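J.: Can you keep this structure in mind? I'll have questions shortly.
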Amino acid sequence: MSVADEPKTTGNGFVGRAMRRKEDPRLITGRGRYVDDLTPQGTLWCAFVRSTEAHARIVSIDKSEAEALPGVHAVYTGEDMEALGILDALPMAWVPPEVEVRNAKHWPLARGEVKFVGDPIAVVIGEGRYAMQDAAESVFVDLEPLPVAIDLEAALRDGAPLVHEELGTNRVHDWTLAGGDVEAAMAEADVVVERRIVNHRTAGAPIETRGVVAEPRGVGMTLTSSTQVPHFVRLFLALLLGESEEKVRVIAPEVGGGFGTKLQVCGEEVLLAAAARKLGRPCKWIETRSENMMVTHHGRDQIDYVKMGAKRDGTVTGVHVKILADMGAYLMLLTPTIPSLGAFVMSGCYAFDAVQTDITGVYTNKCPTDAIRGAGRPEATHMIEVTMDQLAHELGMDRVELRRKNFITEFPAETALGIVYDSGDYHGSLDKLLEHFDVEAFEREKADAAKAGKRLGVGYSTYTEICGLAPSRVTGPQGFGLQTGLWESGMVRVHFTGAVTAYTGCSPHGQGQETTFAQIIADRLGVDPANVEIMHGDTGTGPHGLGTYGSRTTAVGGEAIVRATNKVADKAKRIVAHMLEAAPEDIEVEDGKFSVKGSPGKGMTMAEIAGAAFIPDNLPEDMEPGLEETAFYDPSNFVFPFGAHAAIVEVDPETGRVDVRRYVAVDDCGPAINPTIIDGQVHGGVVHSIGQALYEQVHYDEAGQLVTGTFVDYCLPSAADVPSIETDRTETPSPVNQLGVKGIGEAGTIASTAAITNAVIDALRPEGITFINMPLTPVRVWEALNEARETGSAGEARRDGDRRETT
Amino acid sequence: MSRVPVSLEVNGTHYEREVEPRTLLVHFLRDDLGLTGTHVGCDTSNCGACTCHLDGDAVKSCTVLAVQADGSAVKTIEGMGTEADLHPLQEAFWAHHGLQCGYCTPGMIMASADLLARNPNPDEAAVREALGGNLCRCTGYHNIVKAVLAAAEATQPREVSA
Amino acid sequence: MIPAEFDYVVADSVDDALGKLADGGEDAKLLAGGHSLLPLMKLRLAAPTLLVDLRRLRDLEGIRRNGGVSIGARTTHHAVATGDLGVLSSAAATIADQQVRNRGTIGGSLAHGDPASDLPGVVLALEGTIVAQSAGGATREIPAADFFRDYLETALEPTEILTEVRFDEDPSAWRHGYEKFHRRQEDWPMVAVSALVKLDGDVVADARIGLTHMSGVPLRATAVEEALKGGRLDAGTIKAASDQAAEGTSPPADLNATEDYKRHLARVLCARALRQAARAG
């Protein structure tokens, strides 16, 4: 299928192999240790009392009955922040130069008012998992309801109820990212297509909810949390609790999925740490699924007004996008930054001369939004790729040809916005995608289906995305405005026997880097990956790290590992050269040995080299003993994975039901380290978006009550509801890092809602439907069909094509 | 409220305990017996992460009271196989990358074992149907389905039936 | 999420269970498979003070054929699904997922009286009889048509236990179709239709249509039944008859469906279920 199937011949040839994962033996036998598997002696359980109103004044909280219950040790409310030594509100990490971001204080427990259903009001702490859930029901809260702002567009209108009265507006921020002259581009265009595209609110929904165990340690504390970012959590615990950073240890144990929901510094983490310190006992909280649906940050939730202009020949002259982004009730760690990540790739795969994105963040009385798998890029890809299809139809042009006509072909490529795409081969991935389709066979199937009353459609999505977060000069305080660097660390330690332990600052939780990083190291050190252990997720072990998100772990964390490994290999070569009386530059790693070039029999194994380094009686002059190196890597640029996806859907026009019949994904994330793991990431990413396109929606009613509060109503699809996913790859190396790799964790999610939506529209064009917004639920599709039957067409006539609630 | 005695066999070992009647079987296994391989992923019997076997049948142990299991035999993921001696399903999940974060995996394996006991040679549709009560967010199910089919083939090569 | 506290006893016989239920007062509840009750208790939408567990009542398990069919209340959905019981098996096989079917029972499902569950509409169409036993062994036979009173409300008295479901005629005697519309496989039906037909030659001798989730209780689509009887089971008849499937219904709207949409689904599913019945046998 691809070059990656042939093992590389340099080093040990582990990179490129579809190796079994090192992580799995403990996970398939039930020996993984997730946070709920940890209950230290003397643990006190925590249960939260949460708001039942979307917006209300807290009139009174009567905690006396709960406090009097046996086993209850403490009940805290928002009034106790000082008593708990919580010095400041929760962090929001984005301070963009020259953009005002109106940020309301967000405390771990509400003070004065509650702003959304689920907003925590009190925490009950005491003995017994079950007993504390009961005790929480004995805290009596008197709430005086206030007017609510729920609808995203309505929240901006004059006179709309304000989520935060003190800010005087629901407008969080306005930011424009522009390159080229979009007004001129629209004037120059022969055709301008405008659509109102709704990207509805979804939940990350990892199967493991969040959970925290905070343990006081005499001096300092250990916090075990189901998090993607243990070092961020440590930093903010230290800052918010006035602890010296080295005395706070944060451990991400086995983490049961994150999808962005655990890229957060949570009020519960801060509160439990503070409570454990005050009470001198371990404190534990395991989020229920109902809490997870209610208070763990949601994602997407944008209304996008897209305008695309083109010449008759299909040359797109420019794109102008206005994004209304629902931030929910508070700004969490990265809430307002998410739509901007999409703006960075608003050019898609195309050589658009003018691109402008105007972003407006809006407060509403709903759960905060933040990063969910793809974070801003799925929204951008969806609007560009859906609009490209709309434009093709308007121009009477083939959808694939329109894409080809506008593809960027020369790399590196600077977009109108000034972003430099590192490498790509957009025609190549599209060609490969089309190899998987027999167009004539599809036409026959389509005709057969029509006889049976079903409509088939095909939809394409050609995408590029931005990941490998991130070059700190671009994203840091002086650039984009994140108050952090986004480099990564790697530390490689060779033991006496030549076995290796390596530490990454990333915090993988399913992505398989215990295996892929071992492959990378094994090749460079001539060892067996079985004897390379990758440690992660514990601030008490390796150097500072930035965590796992933004498809950064291999592209950034992997490169840090490569650099640290290369340092070790360099030292090893000098040792070997010294001992075998050769020049260091003549030593190469081949077949598990550091050998002298041209003298295959002459070489040393890593065990022998380590022995020499650990018993340093014959090392080169001035060389330190030991064999251990650290590297810190700040990338020079982002990386830009790309690919071409296609979906074939079947729509039942009688019921409006959509089923995905086939899904083909061709992705390019550079040379494969482990093709099986890449395929797995794509499968999961695509199904995540099939979920968004067809099944999942976080829904609030007009009063701000959450309607989709459990997995009964929030429709995460099962194996029975989705097809197998066909995958293929092209391999275009990135010049940004030595491995040539790009990220793949989010690509599937980024590409696929557009492919599904375009396929459904394609299927329903014979029924008069020209446009429809997600989620493509049966009732929504059926109503669109009715409208089309009544009016002759649906979609374009009402620019929104959207007939139920907005988001 | 009263505590009630429970006497049952789990993975071949006999246990006698006293529990609150409302103790869910999953919490009994995890908190009382320390068998933490069985997970909790939802409140509503949807996700299947807590699937184990009760007298040979797959059940969602978050929707069974520990007291209802009195006198019964329970099997959990810990009773399926060890690293040194993997059950064919464990082996297949490993070989086919049928897991990522691993959280849903014990439930998936236990539900799959129930399927293969009833239908030793399922086709893809039958596997997907049988796993309809188990949710996974990482894998998109593709490799889980592949693993179950491979385990079926490894154990009972026969003709495929739906 | 966990249930509120309660006391728990195990019954040794139906009489024993009734005695314990009476002793427990009005907030005592019977526990069979627990797959209707426990989810509600975990969300604290139900909080009984006493559960009387029926798990030792082996007499209430199993399917007995005696001209007609008698199904013990504690028979699991899985046993019903694999029991060769025509439309009843077809419907039971679609309930939730395998784990739920291994635990959930027909008696528990019927006694719960949820209009969104699969079996009530089917039992109604089959004109089943629900047998309730009270203290001293007295039994009461309640026709399905009288059993489902309202949303989560049945004709069962607090002093009674549902012990079996009887069908005078084996359900497999009917040609049948069961069509259920739901978003995901494990979801409750948004709407479901069971169609039962008997042919005399190619003429419809008898027809029964059960509707699920088209009201607070399961319904019969009598207009469809009348339109079918005496005619041929051809495409035209099926279409014309099915168009009346939503007559007289007041379907509850929810997040996934408007009332109009549910009425439409009832018509579509009715036609499909009838076509299935026409193909069968």
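J.: I need a count of the residues in region A:568-589 that are among the charged types (D, E, K, R), crowded, with 16+ Cβ neighbours inside 10 Å and either under 31 Å from the mean Cα position of the chain (by Cα) or not in a helix (DSSP H, G or I) (or both).
T.: Looking only at that region, the number is 1.
J.: Further, regarding this structure: If we keep just the residues of region A:54-63 that are in a loop (DSSP other than H, G, I, E, B) and farther than 20 Å from residue A:133 by Cβ, which is farthest from the other protein chains (Cβ to nearest Cβ)? Before the answer, list the steps.
T.: The initial filter retains those residues of region A:54-63 that are in a loop (DSSP other than H, G, I, E, B), namely A:54-55, A:63.
Subsequent filtering for residues that are farther than 20 Å from residue A:133 by Cβ retains A:54-55.
Numbers: A:54: 17, A:55: 22 Å.
The selected residue is A:55.
J.: Residues A:776, A:785: which one is assigned to a helix (DSSP H, G or I), closer than 28 Å to residue A:304 by Cα, of a type in the set (A, V, I, L, M) and at pLDDT 95 or above? Give the steps one after another, and end with the answer.
T.: Values: A:776 fails: assigned to a helix (DSSP H, G or I).
It is A:785.
J.: Another question, if that's okay. Among (1) surrounded by fewer than 20 Cβ atoms within 10 Å (Cβ to Cβ); (2) within 14 Å of another protein chain (Cβ to nearest Cβ), which single condition is residue C:67 missing?
T.: The single condition residue C:67 does not satisfy is (2).
J.: Let me ask something else. Among the residues of region B:63-84 satisfying the criterion of being at the interface with chain A (Cβ under 10 Å from one of its Cβ atoms) and outside any loop (DSSP other than H, G, I, E, B), which is modelled with the lowest pLDDT? It would help to see each step written out before you state the result.
T.: At the first step, the residues of region B:63-84 found to be at the interface with chain A (Cβ under 10 Å from one of its Cβ atoms) are B:76-84.
Adding the requirement that they be outside any loop (DSSP other than H, G, I, E, B) leaves B:77-79, B:82.
Numbers: B:77: 98, B:78: 98, B:79: 98, B:82: 93.
Out of the qualifying residues, it is B:82.
J.: Restricted to region A:146-178, and to residues that are touching a residue at least 12 places away in the same chain (Cβ under 8 Å) and exposed (fewer than 14 other Cβ atoms within 10 Å of the Cβ), which residue is nearest to residue A:71 (Cα to Cα)?
T.: A:147
J.: Something else about it: Given the criterion within 24 Å of residue B:2 (Cβ to Cβ) and within 13 Å of chain B (Cβ to nearest Cβ), identify the matching residue among C:74, C:44. Let's see the steps before the verdict.
T.: On the way: C:74 fails: within 24 Å of residue B:2 (Cβ to Cβ).
From the options C:74, C:44, the qualifying one is C:44.
J.: Which of the residues spanning region C:213-251 are surrounded by fewer than 17 Cβ atoms within 10 Å (Cβ to Cβ), of a type in the set (Ser, Thr, Tyr) and assigned to a helix (DSSP H, G or I)?
T.: C:222 - this is the single residue of region C:213-251 that is surrounded by fewer than 17 Cβ atoms within 10 Å (Cβ to Cβ), of a type in the set (Ser, Thr, Tyr) and assigned to a helix (DSSP H, G or I).
J.: From the residues in region A:250-275 that are more than 14 Å from chain B (Cβ to nearest Cβ), outside any loop (DSSP other than H, G, I, E, B) and out of contact with any helix residue (DSSP H, G or I) (no Cβ under 7 Å at 6 or more places or on another chain), which one is surrounded by the most Cβ atoms within 10 Å (Cβ to Cβ)?
T.: Here is the first cut: in region A:250-275, the ones more than 14 Å from chain B (Cβ to nearest Cβ) are A:250-251, A:263-275.
Okay, now just the ones that are also outside any loop (DSSP other than H, G, I, E, B), so A:250-251, A:267-275.
Retained after the next criterion (residues that are out of contact with any helix residue (DSSP H, G or I) (no Cβ under 7 Å at 6 or more places or on another chain)): A:267-268, A:271-272, A:275.
Numbers: A:267: 23, A:268: 24, A:271: 27, A:272: 29, A:275: 25.
Applying the filter and picking the extreme gives A:272.
J.: Got a sec? Which of B:133, B:140 is under 30 Å from residue C:4 (Cα atoms) and in contact with a helix residue (DSSP H, G or I) (Cβ under 6 Å, 6 or more places away or on another chain)? Steps first, answer last, please.
T.: Details: B:140 fails: under 30 Å from residue C:4 (Cα atoms).
After ruling out the rest, the residue left standing is B:133.
J.: Let me ask something additional. How about region C:16-41: which of its residues are farther than 17 Å from residue B:4 by Cα, at the interface with chain B (Cβ under 9 Å from one of its Cβ atoms) and of a type in the set (A, V, I, L, M, F, W, C)?
T.: C:38, C:41
J.: In region A:185-212, which residues are more than 13 Å from every other protein chain (Cβ to nearest Cβ), touching a Phe, Trp or Tyr at 6+ places or on another chain (Cβ under 9 Å) and over 17 Å from residue A:321 (Cα atoms)?
T.: A:201, A:212
J.: Let me ask another. Any chance you could count how many residues in region B:122-133 are closer than 30 Å to residue A:260 by Cβ and in a helix (DSSP H, G or I)?
T.: Let us first name the residues in region B:122-133 that are closer than 30 Å to residue A:260 by Cβ, namely B:127-128, B:131-133.
Going one step further and asking which of them are in a helix (DSSP H, G or I), we end up with B:127-128.
Summing the residues that are closer than 30 Å to residue A:260 by Cβ and in a helix (DSSP H, G or I) in region B:122-133 gives 2.
J.: I'm checking my understanding of the structure. Among residues of region B:102-121 that are under 15 Å from residue A:27 (Cβ atoms) and in a loop (DSSP other than H, G, I, E, B), which one is farthest from the other protein chains (Cβ to nearest Cβ)?
T.: B:104
J.: Evaluate the following for residue B:26: is it within 27 Å of residue C:49 (Cα to Cα), in a helix (DSSP H, G or I) and either charged (D, E, K, R) or more than 7 Å from chain A (Cβ to nearest Cβ) (or both)?
T.: On the way: within 27 Å of residue C:49 (Cα to Cα): yes; in a helix (DSSP H, G or I): yes; either charged (D, E, K, R) or more than 7 Å from chain A (Cβ to nearest Cβ) (or both): yes.
Yes: the conditions hold for residue B:26.
J.: Inspect all residues belonging to region B:122-138 and state whether any of them is within 11 Å of chain C (Cβ to nearest Cβ), more than 19 Å from residue C:82 (Cβ to Cβ) and basic (Lys, Arg).
T.: Scanning region B:122-138, I find at least one residue that is within 11 Å of chain C (Cβ to nearest Cβ), more than 19 Å from residue C:82 (Cβ to Cβ) and basic (Lys, Arg), so the answer is yes.
J.: Still on this structure: Condition test on residue B:38, is it within 19 Å of residue A:31 (Cβ to Cβ), among the hydroxyl-bearing types (Ser, Thr, Tyr) and either in a loop (DSSP other than H, G, I, E, B) or more than 7 Å from chain A (Cβ to nearest Cβ) (or both)? Walk me through it before giving the result.
T.: Details: within 19 Å of residue A:31 (Cβ to Cβ): yes; among the hydroxyl-bearing types (Ser, Thr, Tyr): yes; either in a loop (DSSP other than H, G, I, E, B) or more than 7 Å from chain A (Cβ to nearest Cβ) (or both): yes.
It is true that residue B:38 is within 19 Å of residue A:31 (Cβ to Cβ), among the hydroxyl-bearing types (Ser, Thr, Tyr) and either in a loop (DSSP other than H, G, I, E, B) or more than 7 Å from chain A (Cβ to nearest Cβ) (or both).
J.: Starting from region A:587-616, keep only residues that are free of Cβ contacts under 8 Å to residues at least 40 places away in the same chain, then list their pairs with residues that are β-branched (Val, Ile, Thr) and outside any strand (DSSP E or B) whose Cβ atoms are within a distance under 6 Å, requiring at least 6 positions of separation or different chains.
T.: Final answer for the pair search is A:587/A:576; A:604/A:576; A:612/A:575.
J.: Select the strands (runs of 3 or more DSSP E) contained entirely in region A:624-697, then report the ones holding at least 1 residues which are surrounded by 24 or more Cβ atoms within 10 Å (Cβ to Cβ) and not acidic (Asp, Glu).
T.: Values: elements: A:628-633, A:642-652, A:657-668.
By residue number, A:642-652, A:657-668.
J.: Same structure, new question: Suppose we keep only residues that are surrounded by fewer than 24 Cβ atoms within 10 Å (Cβ to Cβ) and either of a type in the set (Lys, Arg) or facing another protein chain (nearest Cβ under 7 Å) (or both) within region B:41-62. Which one would you say is farthest from residue A:294 (Cα to Cα)?
T.: For region B:41-62, the residue satisfying everything is B:57.
J.: Being under 30 Å from residue A:702 (Cβ atoms) and aliphatic (A, V, I, L, M) is the filter; apply it to region A:32-53 and report the residue that is farthest from the other protein chains (Cβ to nearest Cβ).
T.: Among them, the one singled out is A:49.
J.: Something else now. Quick one: is residue A:744 under 15 Å from residue A:653 (Cβ atoms), outside any helix (DSSP H, G or I), touching a residue at least 24 places away in the same chain (Cβ under 8 Å) and aliphatic (A, V, I, L, M)?
T.: No: the conditions fail for residue A:744.
J.: Determine the pairs where a residue that is more than 22 Å from residue C:109 (Cβ to Cβ), located within region C:15-43, has a partner that is part of a helix (DSSP H, G or I) with Cβ atoms under 8 Å apart, the partner being 6 or more residues away or on another chain.
T.: Final answer for the pair search is C:15/C:135; C:15/C:136; C:15/C:137; C:19/C:135; C:22/C:135.
J.: Quick check, is residue C:122 part of a helix (DSSP H, G or I) and touching a residue at least 12 places away in the same chain (Cβ under 8 Å)?
T.: Values: part of a helix (DSSP H, G or I): yes; touching a residue at least 12 places away in the same chain (Cβ under 8 Å): yes.
Considered against the rule, which asks whether it is part of a helix (DSSP H, G or I) and touching a residue at least 12 places away in the same chain (Cβ under 8 Å), residue C:122 comes out as yes.
J.: Which of the residues belonging to region A:664-694 are under 25 Å from residue B:93 (Cβ atoms) and either away from every other protein chain (no Cβ under 13 Å) or in contact with a Pro (Cβ under 6 Å, 6 or more places away or on another chain) (or both)?
T.: A:667, A:669, A:672, A:673, A:691
J.: Whether any residue in region C:120-140 is surrounded by 18 or more Cβ atoms within 10 Å (Cβ to Cβ) and within 14 Å of chain B (Cβ to nearest Cβ) is what I want to check.
T.: No - not one qualifying residue is present in region C:120-140.
J.: Here's a follow-up. Do we have any residue at all in region A:452-474 that's among the charged types (D, E, K, R), surrounded by 24 or more Cβ atoms within 10 Å (Cβ to Cβ) and within 30 Å of residue A:753 (Cα to Cα)?
T.: Taking region A:452-474 and keeping what is among the charged types (D, E, K, R), we get A:454-455, A:465, A:473.
Then keep just the ones that are surrounded by 24 or more Cβ atoms within 10 Å (Cβ to Cβ); that gives A:465.
Okay, now just the ones that are also within 30 Å of residue A:753 (Cα to Cα), so A:465.
Scanning region A:452-474 turns up at least one residue that is among the charged types (D, E, K, R), surrounded by 24 or more Cβ atoms within 10 Å (Cβ to Cβ) and within 30 Å of residue A:753 (Cα to Cα).
The values are calculated or read from the model by the stated rules, or taken from the named source; none is laboratory data. Given the structure is predicted, the values throughout are model-derived calculations rather than measurements. Cβ atoms come from the backbone with ideal geometry, glycine included; neighbour counts cover every protein chain shown.
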